[in-house]
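Heads up: the structure comes next, in structure tokens.
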Amino acid sequence: MALVVLACTPINEIEVQAKSKFIPMFDFNVLERYRIDMSVLPDDSVIINTPTSTYQAVCNRILKDLSHHAFATVGLVAVSIGVSSLNGTGSNEELINRADKRLYKAKGNGRDQVVAGD
């Protein structure tokens, strides 16, 4: 965008971006060090370096709550969750692939469980 403006492009020829490509990203260790409550962060924030145990604890709570809830249309459901974290390296695709492999491992182990490690 800056290069377009610096090239003296007429204002009516500059494409307007309706949505920002900015993704707010925070480091778990810094948030902990400064005691910043994650609830004050933007909803679409990405938090890197979060210990897998934190995700696993949240997923276990979700698993427990869902296992005792009868849904109106289907009744009780089986839940399998694969957990992966973004540690500042690797791509989003790698992150999803790791979580997907863990999800299928959870399903293969009999469902109703969380798999967070290899």
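Against the list (1) at negative phi; (2) in contact with an Asp or Glu (Cβ under 8 Å, 6 or more places away or on another chain), the condition ASN49 fails is (1).
For segment 1-33, how many residues are free of Cβ contacts under 8 Å to residues at least 12 places away in the same chain, over 21 Å from the mean Cα position of the chain (by Cα), assigned to a loop (DSSP other than H, G, I, E, B) and loosely packed, with under 11 Cβ neighbours inside 10 Å?
Residues flagged as free of Cβ contacts under 8 Å to residues at least 12 places away in the same chain, over 21 Å from the mean Cα position of the chain (by Cα), assigned to a loop (DSSP other than H, G, I, E, B) and loosely packed, with under 11 Cβ neighbours inside 10 Å within segment 1-33 amount to 6.
Name the residues in segment 87-100 that are modelled with pLDDT under 90 and within 21 Å of GLN113 (Cα to Cα), would you? Passing the criteria: only LEU95. The requirement of being of a type in the set (Gly, Ala, Ser) and within 23 Å of LYS21 (Cβ to Cβ) is fulfilled somewhere in segment 45-55, by at least one residue.
Residues that are open to solvent by less than 90 Å² (accessible area, probe 1.4 Å) and charged (D, E, K, R) within segment 106-118 comprise LYS107, ASP112, listed in sequence order. Of all residues in segment 34-48, those satisfying the criterion of being under 12 Å from the mean Cα position of the chain (by Cα) and either under 22 Å from GLY117 (Cβ atoms) or open to solvent by 50 Å² or more (accessible area, probe 1.4 Å) (or both) are ASP43, ASP44, VAL46, ILE47, ILE48. For SER84, the test of being in a loop (DSSP other than H, G, I, E, B) and among the small types (Gly, Ala, Ser) is passed. Between THR54, THR50, the distinction of being outside any helix (DSSP H, G or I) and at pLDDT below 90 belongs to THR50 only. In segment 80-99, of all residues being open to solvent by 70 Å² or more (accessible area, probe 1.4 Å) and of a type outside the set (Val, Ile, Thr), the one that is nearest to MET25 (Cα to Cα) corresponds to ASN87.
For the structure I just gave you, tell me whether ALA70 is of a type in the set (A, V, I, L, M, F, W, C), open to solvent by 30 Å² or more (accessible area, probe 1.4 Å) and without any contact (Cβ under 8 Å) to a residue 12 or more places away in the chain.
yes
Remark: pairs (first residue in segment 40-63, under 11 Å from VAL83 (Cα atoms); second residue surrounded by fewer than 13 Cβ atoms within 10 Å (Cβ to Cβ); Cβ separation under 9 Å; 6+ apart in sequence or on different chains) = THR52/GLY117; GLN56/GLY117.
The values are calculated or read from the model by the stated rules, or taken from the named source; none is laboratory data. Bear in mind the structure is a predicted one, so any value in this text is a computation, not a measurement. We place every Cβ from the backbone using ideal geometry, glycine too, and count neighbours over all the protein chains shown. Surface accessibility is based on the protein's heavy atoms, side chains included, excluding ligands, DNA and RNA. Shrake-Rupley method; radii C 1.70, N 1.55, O 1.52, S 1.80 Å.
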